[in-house]
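Please read the structure below before turning to the comments.
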């Protein structure tokens, strides 16, 4: 028997299944969504070329398994995408996770931005004065002594939001460092 | 009957089983799952098999080639490399060694109560497995 012959006696590239060869749109979307979730968990944990190979191989195996179990069953048999991804990187997860770092930094920035808005609205609502046709605000907010004001203080008709204070920049940088596992970076490593 | 506990044992033996299956015939991922199931290892999850094959390739024990498929994307067929063949021989020898070492122990009758410290359990049961000279 040819080493390339598959179990059913057919040669590679053929199939003996009686199920439809081409999955429907819904099944294709299910498969793509699952593979995308696995791939997202692999980001920064292995080279892009390897990730592309894994995506392609997963899609092929899902298509084969779906002929026996249906696409939903084929996906269920693979377990959780994160667990599957963990298996692929077992023993090699020592790469910098650039995308995770960027997401962590963006997440931190978003939280800080929302906090700023919250305090801005709170302070402005609590100190609104009508002076002629203008509205004055009296507000003051400091993160910590010496860290610079988040919002200026005093009575003004306009205000300036100092969102990227040194304190914020340090927090965002910290989130990036921790998220990306930047200590794994080696200049000569590929 | 295969239990959840057996799955933990099978996980350790999966690499050996995959090496052996690939030594017999070139296969792609899902086909290897089916071949494992045909052996009775029905609890081996696909989510364990695919990464294990990938690790074999990463370690240089298996090589692969893409073969077009009429039912979807091209399938990745794996075969053993020379290093894989050596690894299979080594792993097979290690497996037999482990089985030979454990067989006499497991062949003993399980006592109703553990022996007190300082005593040696009697071993009057002959080994269940005799090593086969290669």
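Read-outs throughout are calculated quantities, based only on the coordinates presented, and are distinct from any laboratory measurement. Worth saying up front: this structure is predicted, and the values here are computed from it rather than measured. Positions of Cβ are backbone-derived with ideal geometry, glycine not excepted, and every protein chain shown enters the neighbour counts.
Averaged across the residues of B:64-71, what count of C-beta atoms belonging to other chains lies within 10 Å of each residue's C-beta? Can you show the working numbers first?
Working: counts 2, 2, 6, 7, 3, 9, 6, 14.
The per-residue average across the peptide is 6.
Let a ≥ b ≥ c be the square roots of the eigenvalues of the Cα gyration tensor of segment B:4-107; is it rounded (a/c under 1.5), or, if not, prolate (a/b larger than b/c) or oblate? Don't skip to the answer; put the middle values down first.
Working: a/c = 2.65, a/b = 1.58, b/c = 1.68.
It is oblate, given that a/c is not under 1.5 and a/b is not larger than b/c.
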Using the alpha-carbon centroid of each, what span in Å lies between segment B:2-76 and segment A:39-81?
14
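Report the full-extension gain for the segment residue B:9 to residue B:23: residue separation times 0.36 nm, less the Cα-Cα distance, to one decimal in nm.
Stretched fully, the residue B:9-residue B:23 segment lengthens by 2.8 nm.
Hey, what's the Cα Rg ratio for segment A:25-88 versus the globular rule of thumb, 2.2 N^0.38 Å? Can you show the working numbers first?
Numbers: Rg = 11.2 Å, N = 64, 2.2 N^0.38 = 10.7 Å.
Dividing the Cα Rg of segment A:25-88 by 2.2 N^0.38 Å gives 1.05.
Cut-off is 10 Å between beta-carbons; in what order do A:36, A:176, A:98 appear when sorted fewest neighbours first? Before the final figure, lay out each step's value.
Values: A:36 12, A:176 20, A:98 16.
By the 10 Å Cβ count, ascending: A:36, A:98, A:176.
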Quick calc: nm separation of the 7 Å Cα→Cβ label points for residue B:42 and residue A:103 -> 3.8
